[in-house]
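Okay, structure first, notes after.
The values are calculated or read from the model by the stated rules, or taken from the named source; none is laboratory data. Note that the coordinates shown come from a computational prediction; the quantities given were computed from them, not determined experimentally. Ideal geometry is used to build each Cβ from the backbone, glycine not excepted, and the neighbour counts take in all protein chains shown. We work out accessible area using only protein heavy atoms, side chains counted, and drop any ligands, DNA or RNA first. Shrake-Rupley method; radii C 1.70, N 1.55, O 1.52, S 1.80 Å.
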Amino acid sequence: MLSKAELETVSKTFLFRGISPDEIKDLIGDINFEKIRFSKGEVIFSRENFRRALGIILSGSVTVTKGDLTMSVLSVSDLFGAAALFNEEETYVSTLTARKAVKVLFLSDDDVVKLIGREPRIAGSYIRYLSGRIRFLSEKVDILSEASGERRLVRFLFGCADENGVVTLGIPMTELASRLGIGRATLYRELSRLEKDGTISRDGKRIVIHEINGLMYRK
């Protein structure tokens, strides 16, 4: 069972947008969902070990990494796991780790199908979510299609920044340069240029974006 507070949290997710906590309670009443707690530092999903389920964060926060690179930080009411649904792939796309103690509601693909069948608003929300993910991935591809090294770097930083505009690099600069398809010297030059004009600041492998709008619209 979900508590009143947890139902409120679920109602704030994009998937249940416009649906009241009482309606959600009725919709999931006979669904055998899982509600699981994870301790700080515990791996929730890895490439080799994951659930074929959509996760809704009920409390705490989750760090998403790909290799040594931090991609994003998820918080209460955020979802993850769409890439694990409705396919037979044997590996997941990233690693999710509890940044602090986390409680997650898991809905299997069968659960999602039931909910979509019961409530058209959920179907519409899920389609919008998938459309958004397609756009997000397209923007990631754009990183490599940018003509200049600066624009590739700008798009990369914007895509990897958390809600506070912080990018944490867990890979050597040589590898980052390779991923961006530019030389190491070019990478350092472009980082220095952004830092000099106050757009970013660097502290080791931690990069803080001070002017997000300015960063995205740099020419």
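Things worth noting here:
- Cα-based helix-to-principal-axis angle, 109-118 vs the chain, degrees rounded to 10: 60
- Candidate residues D162, D22: accessible-area rank, largest first, probe 1.4 Å: D22, D162
- Candidate lysines for bridging to K25, where Cα separation is under 17 Å - those fewer than 8 sequence places away on the same chain excluded: K4, K12, K35, K114
- Across all Cα pairs in segment 1-102, the calculated P(r) in 10 Å bins from zero up to the longest distance comes to 15, 45, 32, 8, 0 percent per bin.
- Viscosity 1.567 mPa s, 4 °C: Kirkwood-radius Stokes-Einstein D of segment 150-209 over Cα pairs, µm²/s: 113
- The chain: relative contact order as a whole-number percent, Cα under 8 Å and 6+ apart: 19
- Rounded to the nearest 20 debye, the dipole size of segment 1-125 about its Cα centre is 480 debye, using +1 on the Cβ of Lys and Arg and -1 on the Cβ of Asp and Glu.
- Eigen-decomposition of the gyration tensor built on the alpha-carbon atoms of the chain gives equivalent ellipsoid semi-axes of 36, 17, 17 angstrom, largest listed first.
- Solvent-accessible heavy-atom area per residue, rounded to whole Å², over the chain at 1.4 Å: 54
- Computed from the C-beta positions of S39 and R184 and an R0 of 45 Å, the FRET efficiency is 0.70 to the nearest 0.05.
- Surface composition of the chain: carbon and sulfur make up 50 percent of the accessible area, probe 1.4 Å.
- Per the Debye formula on identical point scatterers at the alpha carbon atoms of segment 9-66, with no solvent, log10 I(q)/I(0) at q = 0.23, 0.25, 0.31 Å⁻¹ is -1.10, -1.20, -1.44.
- The largest accessible area among D197, D203 belongs to the first residue in D203, D197, and the rest follow in falling order (1.4 Å probe, all chains).
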